[in-house]
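Asks: Let me begin by handing over the structure; questions about it come next.
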Amino acid sequence: MSQDPFAELKKRQREMWASFAPTAMFTTPVAGHLVKFAQIGAGETVLDVGTGTGVVAITAARGGARVTALDLTPELLEQARENSRIAQREDIVWTEGDAEQLPYPDASFDVVLSQFGHMFAPRPEIAIAEMHRVLKPNGRIAFATWPPEHVVGRMFAFVGRNSPPPPAGASLPPQWGNPAIITERLGALFDAPFFERGTMAFPALSIEHYRLFMERSVGPMQKLFESLAAEPQKLGVLRAEFDALAAPYYFDNVVHQDYLLTRAQAR
Ligand SMILES: C[S@@+](CC[C@H](N)C(=O)[O-])C[C@H]1O[C@@H](n2cnc3c(N)ncnc32)[C@H](O)[C@@H]1O
């Protein structure tokens, strides 16, 4: 990764996501939706990019797929291994690595999945070319992303406008939640994509509980709030801004986080 102009960003990402494991409680149902939407058959070879604690990988393996999973963050892969032991799916191959440099030969997989994972790679064209390269001819890609107009996309915009700018040339993750941009990015490598939407339920006793969870377990939010530890007044202002941002999505004791699913066949 030494030639990679985004090596420093990826190092920060690796540190930032290390506390993510408790959030997998909420991404687990989305994994069920994504695996079903990807129409994975028993015996198919599947790669899960940005697997985190392995929720998508283990769901696909339980359905009979032969699964390999990759993530930048070793702490999460450790948890993923533990999850696969509990689920009795120890045949999954776990790899530490980067979505922009997949350590697999060409044409290795029938399906490449990513749930809120590849969207964090800074160069979409490289991530998508890599995901296409490792697909067999006519293989499928399917992924879940956060649209910019819903609560998580707005949270990323909030983090972005209150943090130092990303390195030049890095794309913004919620762009992956825009169907027009996705269609353009899949472009010449895939047939026209299919889309579906869903809502990730995030139970919370109050908006403050939701924010506190985010501050502790969702890397970009955690980094932002940690950086303000010595500025209590600014911290208070930003907490209030975040609470106002999330409030419209909070009802019935749940923060409703809308996501987008995309599926496309490789050319
Ligand atoms: C929001 S978490 C999602 C984890 C899991 N897929 C889930 O749904 O619970 C984002 C994951 O992407 C990983 N990630 C970020 N950038 C990556 C990259 N360039 N290559 C591989 N994984 C990456 C992080 O380490 C983290 O595990």
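Asks: So what's the back-of-envelope 222 nm ellipticity for the chain, counting only DSSP H runs of four-plus at -39500 (n - 2.57) apiece and dividing by all residues, rounded to 500? Don't skip to the end; give the middle numbers.
Replies: Values: 10 runs with 109 residues, N = 267.
Taken over the chain, the calculation gives -12500 deg cm²/dmol.
Asks: Okay, next question. Within the chain, which whole H helices from DSSP have a Cα span along their axis of at least 27 Å and a mean Kyte-Doolittle hydropathy of -1.0 or more, if any?
Replies: Numbers: long enough: none.
Span-like helices in the chain: none at all.
Asks: With every protein chain in place, what's the accessible area of residue 17 (1.4 Å probe, Å², nearest 10)?
Replies: Residue 17 has an accessible surface of roughly 40 Å² with all protein chains in place.
Asks: Under 21 Å Cα-Cα from residue 223, which lysines qualify once same-chain neighbours fewer than 8 residues away are excluded?
Replies: Counting by Cα, and skipping residues close in sequence, residue 223 has these lysines nearby: 10, 11, 234.
Asks: With a ≥ b ≥ c the root eigenvalues of the C-alpha gyration tensor of segment 181-234, is it rounded (a/c under 1.5), prolate (a/b larger than b/c) or oblate? Present the calculation step by step, with values, prior to reporting the outcome.
Replies: Working: a/c = 4.72, a/b = 2.01, b/c = 2.34.
Cα axes put segment 181-234 in the oblate bin.
Asks: Would you mind listing how long segment 55-104 runs along its three principal axes, going by Cα atoms, in whole Å with the largest first?
Replies: So the three principal-axis extents are 28, 21, 14 Å.
Asks: Moving to a separate point now. For segment 85-235, rounded, prolate or oblate, judged on the Cα gyration tensor with a ≥ b ≥ c (square roots of eigenvalues), a/c < 1.5 rounded, else prolate if a/b > b/c?
Replies: Prolate, since a/c reaches 1.5 and a/b exceeds b/c.
Asks: Give the separation of the Cα centroids, segment 227-267 to segment 22-42, in Å.
Replies: 21 Å
Asks: I've got another one for you. Could you look at the chain and say what percent of its accessible area is carbon and sulfur, using a 1.4 Å probe and all protein chains?
Replies: On the way: 6710 of 11910 Å².
That share works out to 56 percent.
Asks: Quote the FRET efficiency, to the nearest 0.05, computed for residue 234 versus residue 195 with a Förster distance R0 of 45 Å and r equal to the Cβ-Cβ distance.
Replies: Working: r = 39 Å, r/R0 = 0.86.
With R0 = 45 Å, the Cβ-Cβ based efficiency is 0.70.
Asks: Under 21 Å Cα to Cα from residue 36, which lysines show up? Leave out anything in the same chain fewer than 8 places away.
Replies: 136
Asks: Another question, if that's okay. Over all directions, what mean area does the Cα convex hull of the chain project, stated in square nanometres? Kindly include the intermediate steps, with their values, before the conclusion.
Replies: Details: hull surface 54.9 nm².
So the Cα hull casts an average projection of 13.7 nm².
Asks: While we're on this one: I'd like the antiparallel share, as a percent to the nearest 5, of DSSP beta bridges with both residues in the chain. Could you put the intermediate results ahead of the total?
Replies: Values: 20 of 38 bridges.
In the chain, approximately 55 percent of DSSP beta bridges are antiparallel ones.
Asks: A further question on this structure: Heavy atoms only, 1.4 Å probe, whole protein assembly: order 82, 125, 184 by accessible area, highest first. Kindly include the intermediate steps, with their values, before the conclusion.
Replies: Values: 82 70, 125 115, 184 145 Å².
Greatest to least solvent exposure: 184, 125, 82.
Asks: Which of rounded, prolate, oblate describes segment 1-139, given a ≥ b ≥ c as roots of the alpha-carbon gyration tensor eigenvalues and a/c under 1.5 marking rounded, otherwise prolate only if a/b is larger than b/c?
Replies: Working: a/c = 1.76, a/b = 1.15, b/c = 1.53.
Verdict is oblate for segment 1-139.
Asks: So in segment 1-111, what percent of DSSP beta bridges are antiparallel if you round to the nearest 5? Can you show the working numbers first?
Replies: On the way: 1 of 11 bridges.
Just about 10 percent of them are antiparallel.
Asks: Provide the FRET efficiency to the nearest 0.05 for the residue 91-residue 138 pair, computing r from the beta carbons and using R0 = 22 Å. Intermediate results must be reported in sequence, preceding the final value.
Replies: Numbers: r = 25 Å, r/R0 = 1.14.
Once the sixth-power term is evaluated, E becomes 0.30.
Asks: Then there's this: Could you report segment 130-267's accessible area per residue, 1.4 Å probe, as an integer in Å²?
Replies: Details: 6510 Å² over 138 residues.
The answer is 47 Å² per residue.
Asks: Under the rule of at least 5 residues apart or a separate chain, name every residue whose amide H is placed under 5 Å from the amide H of residue 139.
Replies: 266
The values are calculated or read from the model by the stated rules, or taken from the named source; none is laboratory data. Remember, predicted model here, so these are calculated numbers, not experimental data. Every residue, glycine as well, gets a Cβ built from its backbone with ideal geometry; the counts of neighbours run over all protein chains shown. These area figures cover heavy atoms from the full protein model, side chains too; ligands, DNA and RNA do not enter into them. Shrake-Rupley method; radii C 1.70, N 1.55, O 1.52, S 1.80 Å.
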